[in-house]
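The values are calculated or read from the model by the stated rules, or taken from the named source; none is laboratory data. What you see is a predicted model, and the numbers here were worked out from it, not measured in a lab. Using ideal geometry, Cβ is built from the backbone for each residue, glycine included, and neighbour counts are taken over all protein chains shown. Ligands, DNA and RNA are stripped out before the accessible areas are found, and what is left, the full protein with its side chains, is counted by its heavy atoms. Shrake-Rupley method; radii C 1.70, N 1.55, O 1.52, S 1.80 Å.
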Amino acid sequence: MLLLAATLGMNAQKPMNAPKGGKAISDELLGIFFEDISSSADGGLYAELIQNGSFEFSPAEKDGWGAGTAWKQVRPGHSLGTLDVRKDNGIHAYNPTYMRLHTERVKEYSDYKGWKGYGIENEGFSGISVKSGAIYDFSVFLRNYGQAKQIRIALVEPQGWGKDPKLLAEASITADAKNWQKYNAVLVPNADCKKAALQILVLTLGDIDVDMVSLMPQDTYKGHGLRKDLAQALEDLQPKFMRFPGGCVVHGGGDGFWDTYRWKTTIGPKEQRKGLKNTWGYHQSMGLGFYEYFQFCEDLGMEPVPILPSGVSCQGANGGWNMWPTQAQDVVPMSEMDEWVSEAIDLIEWANGDPATNKWAKMRADAGHPKPFNLKYLGIGNEEKISPEFSERFKYIYERVTKAHPEIVIVGTAGPGSHPGNQDFEAGWKLAEELGMPIIDEHYYEPNSYFLGKRQYDSYPRDRKTKVYLGEYAAKDKKLIDALAEGLYLLHVERNGDVVCMTSYAPLFAKKDGTNWNPDLIYFDNERPYLTCSYYVQQMFGQSSGQYYYGDCVQFKGDAAGVEQPQADVHYGQSVILNVKKRKLYVKLVNASDEKKTADIDLSRFPIKKNVVKTILTGKADDENNYDKQPVAPKKETGKAQKKFSIDLEPYTMVMMEYDM
């Protein structure tokens, strides 16, 4: 238990003494959960601008897909040639498909003064968005036959059928390698364009093989290949951890467990990673793989919380959501479970091991990170139905991983619909207590009435060894009232921060016109993110984390003395959080009712300084931020700090007050 308490930040060395009356709580309460759903990675957080650059889309994965998905043939100047999809002697076994371009004619007609060449064009993800003067790195793998080939790389703005495209940027490559070789170029557009396309035009007759086409902005988040504005939106949440890569992505796509996510095929050079159709129905390039996830956690100062399969499929696989909960799970035979134990142990050694003595750690070092990532948490499974088959396999992995690496904190699962009385919930907790599991992951999505009225964690036993990670939750809409309901619930979570150690809203991202699930925390298109009301509530909680909770500093008028709101079915509440590391005090108030509330606040025990920064989020109950308008956003104001005062809280309002100490 001492190891877990230290891990949760509850027994850390404190730069200042905490005044009496506080309760020690986890200072990792607010984190994020990233799942590649709703085009969150390719075409989203991963900054790659080319779709299907590896030509690995396949009709075997989805009807209508093929190597030419997102590509088209182009032959300006009436050039002639043919395209041939090939799989013989590809770059890598995980990346076998490539395109052979055979150029027959590049000569212009005498009356044609425009472009020439034979080649292919990529439209990106519903267009390639580029900015004037920005620098874009182009790369491609080529294998040449015969004489060296002159190749023109062009960023263009298509002008419609029969018209030359507008040239935005161009570069030239001379390809003469007889074996696969990577070629690079730099493109700098001369104008902004929201719907650009990339052309690869061969200007020399003959054959050439093309694979792994890439176009990346140079200006990515900390230079690590992630889209800067979306990564910044996550940084602004000040999350303490990130759970990844899912979610249902973890344990099998729509085709069952055997199409599951395997972390080992997502590391190493990009051309050696294995693309995969995921459970949400689209192709993952794995350009955003485990190395990038861990690197991003390091960049943001978050604890990585990777989730690995448990040997049991999602009950939604093979159309199971239509039959759940009666649908049988796909399961790994117990005779093969050692492979999934190794999956976990090898990940720990990849993340934390010594490159001089461990082959997995050496792969991490070879990728550019010789120092360990200092992994502390590892999740096994994701909201599976807690069947006897699941329990047997989870226990098998858990016991062997904890024996090999007792320093790792294992996160289990309470199944879907994690409320007391639910069959999976009760079975999941029984298994957790049997194993002495450090953390169990609970998930639930409910109407805002649940978050407004229920206070689930007030009744949890205080003497349980197992702590709670509320890993997926959200009200089922994205209006201000939904966000405030979630805020009230988080106030009650902070009050119970001795039994709840982590929370993360879900899902995190959703792309316009590519959304699998609603609501989501951050919507985006190719140009910008759109921040929801719930985003701002999460941000205010992320900015006001700490190690101690005080429940007796705020009293709402009309309440009995000593009542710590929010209680069940009460639509207003408070919490006071002390961060001894930052020497800051935070007071949070939420009013999700249609009546003004008055709170009396007494901060006499705290050595607060003279100023207070107040953040206010307010509006109408049905206000909603979307692509067309953003009526709700926080406002800040600075005032003189008082130790005793009253504050009027307007209807549908959240206020956070920040004090230096």
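Net charge in the neighbourhood of I481 (other residues with Cβ under 11 Å of its Cβ; Lys, Arg +1, Asp, Glu -1) is -4.
So how do 374-380, 44-50 stack up, highest first, on mean other-Cβ count within 10 Å?
Per-residue Cβ counts within 10 Å, averaged per peptide and sorted highest first, yield 44-50, 374-380.
Between A24 and E595, what FRET efficiency follows from the Cβ-Cβ distance if R0 is 41 Å, with the result rounded to 0.05? For A24 and E595, the calculated efficiency is 0.75. For the chain, the share of DSSP beta bridges that are antiparallel, to the nearest 5, is 75%. Considering only A344, F606, A365, the residue lying farthest towards the positive end of the dipole of the chain is F606, judged by Cα position with unit charges set on Cβ.
In order along the stretch 266-281, phi translates into HN-Hα couplings of 10, 10, x, x, 4, 6, 10, 9, 9, x, 7, 6, 9, 5, 8, x Hz, rounded to whole numbers, per the Karplus curve 6.51 cos²θ - 1.76 cosθ + 1.60 with θ = phi - 60° and x for Gly and Pro.
Based on DSSP H segments of at least four residues, each scored -39500 (n - 2.57), the chain has a per-residue ellipticity at 222 nm of -5000 deg cm²/dmol. Highest mean packing first, where packing is the average number of other Cβ atoms within 10 Å per residue, the peptides 173-182, 360-369 line up as 360-369, 173-182.
Note on S342 and D192: their simple-model spin labels are 5.3 nm apart, each label 7 Å out from Cα toward Cβ. Please report, as a whole percent, how much of the solvent-accessible surface of the chain comes from carbon and sulfur atoms (probe radius 1.4 Å). Carbon with sulfur: 49 percent of the solvent-accessible area.
Positive contributions from Lys and Arg (+1) and negative ones from Asp and Glu (-1), summed over other residues with Cβ under 15 Å from the Cβ of K614, come out at +2.
Quick check: from the Cα gyration tensor, does the stretch 48-145 come out rounded (a/c under 1.5), prolate or oblate? Cα axes put the stretch 48-145 in the oblate bin. Here the spin labels are modelled as points 7 Å beyond Cα on the Cα-Cβ line, and at D229 and K72 they lie 2.6 nm apart. Does the stretch 14-71 classify as rounded, prolate or oblate by the C-alpha gyration tensor (a ≥ b ≥ c root eigenvalues; a/c under 1.5 gives rounded; else a/b over b/c gives prolate, otherwise oblate)? Taking the square roots of the gyration eigenvalues as a ≥ b ≥ c, the stretch 14-71 is prolate. The calculated FRET efficiency for D463 paired with D366, based on their beta-carbon distance and R0 = 51 Å, is about 0.65. Extension gain, R583 to S58, is 183.5 nm, computed as 0.36 nm per intervening residue step minus the present C-alpha separation. Taking each residue as 0.36 nm, the span from K557 to K610 lengthens on full extension beyond its C-alpha to C-alpha distance by 16.5 nm.
Across 5 Å bins from 0, what is the distribution of all Cα-Cα pair distances for the stretch 370-441, in whole percents? With a bin width of 5 Å, the distribution comes to 3, 17, 29, 23, 14, 8, 4, 2, 1, 0. Here is the size of the chain from its Cα atoms: Rg then Dmax, 27.2, 93 Å. Placing R243, R100 in order of accessible area, with the largest value first and a 1.4 Å probe, yields R100, R243. Dipole check for the chain: with +1 at the C-beta of Lys and Arg, -1 at the C-beta of Asp and Glu, and the Cα centre as origin, the magnitude is about 1860 Debye.
With θ taken as phi - 60° and the Karplus curve 6.51 cos²θ - 1.76 cosθ + 1.60 applied, the whole-hertz 3J(HN,Hα) list for the stretch 478-488 is 10, 8, 4, 4, 5, 5, 5, 4, 5, x, 4 Hz, x standing for glycine and proline.
Per residue, the accessible area of the stretch 482-621 comes to 31 Å² when a 1.4 Å probe rolls over the protein heavy atoms.
Once the other residues with Cβ under 10 Å from the Cβ of G353 are scored (Lys, Arg +1; Asp, Glu -1), what is the net sum? Here the count lands on 0. Per-residue accessible area (protein heavy atoms, 1.4 Å probe) orders E494, E434 as E434, E494, starting from the largest. Calculated FRET efficiency, I135 to N422, Cβ-Cβ distance, R0 = 35 Å: about 0.10 to the nearest 0.05.
Sequentially through the stretch 46-57, phi angles give Karplus couplings (6.51, -1.76, 1.60; θ = phi - 60°) of 6, 7, 4, 9, 9, 8, 6, x, 9, 6, 9, 4 Hz, Gly and Pro residues having no value and appearing as x. V188 contributes about 70 Å² of solvent-accessible surface, heavy atoms of the protein only, 1.4 Å probe.
Given their separation in residues at 0.36 nm each and the Cα-Cα distance between them, E650 and D176 gain 163.6 nm when the chain is fully extended.
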